[in-house]
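The values are calculated or read from the model by the stated rules, or taken from the named source; none is laboratory data. Bear in mind the structure is a predicted one, so any value in this text is a computation, not a measurement. Here the Cβ positions follow ideal geometry from the backbone for every residue, glycine too, while neighbour counts run over all protein chains shown.
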Amino acid sequence: MRSRRVLLQTAGLAALLTAMPARAGVPEPYAPIVLQPTLGPQRWEFDLTAALRRARSEKKRLYVYLGADNCPFCRRYEAFLQRHAAELAPHFAKDYLVVDLRSTLAARAEKLFIRIDDQVLGYADFQRSIGDERARQLVYPNVWLLDGQARPLMQMPSGAGTFETVAEQLEILRLEQ
């Protein structure tokens, strides 16, 4: 009975999310590519394939933002981006495509998957594949800087207190460690 209830809840959440318009958490001045997950029982899958192809064709990097719709720390980071859009958006636009992965705190690490072409990796395996040491847990907000081949450009901070100043955000965009 419990598995049937979970399946019905998952199906209901899937129907709700697919019915909702893809609304960005990252503010409009950053021209985010908003990716809703494809959902299955116990599975949230984000497909980065098209964004990576576009990044390669435009000779840009990807700024992949994983934010949760019900995460207060994500709202704080998004508000920071909105307040400083005039200063920051041109720097993002110069070198990056911003990819906004729309999630929710209910999507735990074991349910989250990243697709690139034919390869699908669970969250922890994806983290390990890009050399990210945070593979053990899913923290919101989360940002990955990737080149057009999905190779990591820099180990990124995540969670509360991330990117608190314009200067810190610019250092990240310039890949200063």
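Restricting the range 106-138 to residues that are out of contact with any Leu (no Cβ under 9 Å at 6 or more places or on another chain), assigned to a loop (DSSP other than H, G, I, E, B) and not charged (D, E, K, R), the residue that is modelled with the lowest pLDDT is Ala135.
Sort out which residues of the range 23-32 are surrounded by 20 or more Cβ atoms within 10 Å (Cβ to Cβ) and not hydroxyl-bearing (Ser, Thr, Tyr), and write them in order of number. Show your work before the answer.
From the range 23-32, those surrounded by 20 or more Cβ atoms within 10 Å (Cβ to Cβ) are 25-27, 30, 32; that's our starting set.
Listed by number, the residues that qualify are Gly25, Val26, Pro27, Pro32.
Taken over the range 32-67, the criterion of being closer than 26 Å to Asp95 by Cβ and in a strand (DSSP E or B) is satisfied by Ile33, Val34, Leu35, Phe46, Asp47, Arg61, Leu62, Tyr63, Val64, Tyr65, Leu66, Gly67. In the range 149-177, the residues that are under 15 Å from His84 (Cα atoms) and surrounded by 13 or more Cβ atoms within 10 Å (Cβ to Cβ) form Cβ pairs under 7 Å with partners that are acidic (Asp, Glu) and modelled with pLDDT of 85 or more, at six or more places apart or across chains, as follows: Val166/Glu87; Leu173/Asp95.
Scanning for something touching a helix residue (DSSP H, G or I) at 6+ places or on another chain (Cβ under 9 Å) and either at pLDDT below 95 or small (Gly, Ala, Ser) (or both), does the range 92-101 turn up at least one residue? Steps first, answer last, please.
Of all residues in the range 92-101, those touching a helix residue (DSSP H, G or I) at 6+ places or on another chain (Cβ under 9 Å) come to 92-100.
Add one more test, that the residue is either at pLDDT below 95 or small (Gly, Ala, Ser) (or both), and what stays is 93.
Scanning the range 92-101, I find at least one residue that is touching a helix residue (DSSP H, G or I) at 6+ places or on another chain (Cβ under 9 Å) and either at pLDDT below 95 or small (Gly, Ala, Ser) (or both), so the answer is yes.
When each of Leu112, Leu81 is tested for being over 19 Å from Thr165 (Cβ atoms), of a type outside the set (Val, Ile, Thr) and touching a residue at least 24 places away in the same chain (Cβ under 8 Å), the lone residue that passes is Leu112.
Only a single criterion out of (1) buried (at least 16 other Cβ atoms within 10 Å of the Cβ); (2) farther than 23 Å from Tyr77 by Cα; (3) among the aliphatic types (A, V, I, L, M); (4) modelled with pLDDT of 95 or more is not satisfied by Leu48, namely (2).
When the range 121-138 is examined, which residues are found to be in contact with a helix residue (DSSP H, G or I) (Cβ under 9 Å, 6 or more places away or on another chain) and among the hydrophobic types (A, V, I, L, M, F, W, C)?
The initial filter retains those residues of the range 121-138 that are in contact with a helix residue (DSSP H, G or I) (Cβ under 9 Å, 6 or more places away or on another chain), namely 121-124, 127, 132-138.
Leu121, Ala124, Ala135, Leu138, listed by residue number.
The condition (being among the charged types (D, E, K, R) and touching an Asp or Glu at 6+ places or on another chain (Cβ under 8 Å)) is satisfied by just one residue among Lys60, Lys94: Lys60. With respect to the conditions (1) assigned to a helix (DSSP H, G or I); (2) under 15 Å from Asp147 (Cβ atoms), Tyr77 lacks only one, and its number is (2).
Exactly one of these conditions fails for Leu121: (1) without any contact (Cβ under 8 Å) to a residue 12 or more places away in the chain; (2) surrounded by 15 or more Cβ atoms within 10 Å (Cβ to Cβ); (3) more than 16 Å from the chain's Cα centre (by Cα). Give me its number. If we test Leu121 against (1) without any contact (Cβ under 8 Å) to a residue 12 or more places away in the chain; (2) surrounded by 15 or more Cβ atoms within 10 Å (Cβ to Cβ); (3) more than 16 Å from the chain's Cα centre (by Cα), just (3) comes out false.
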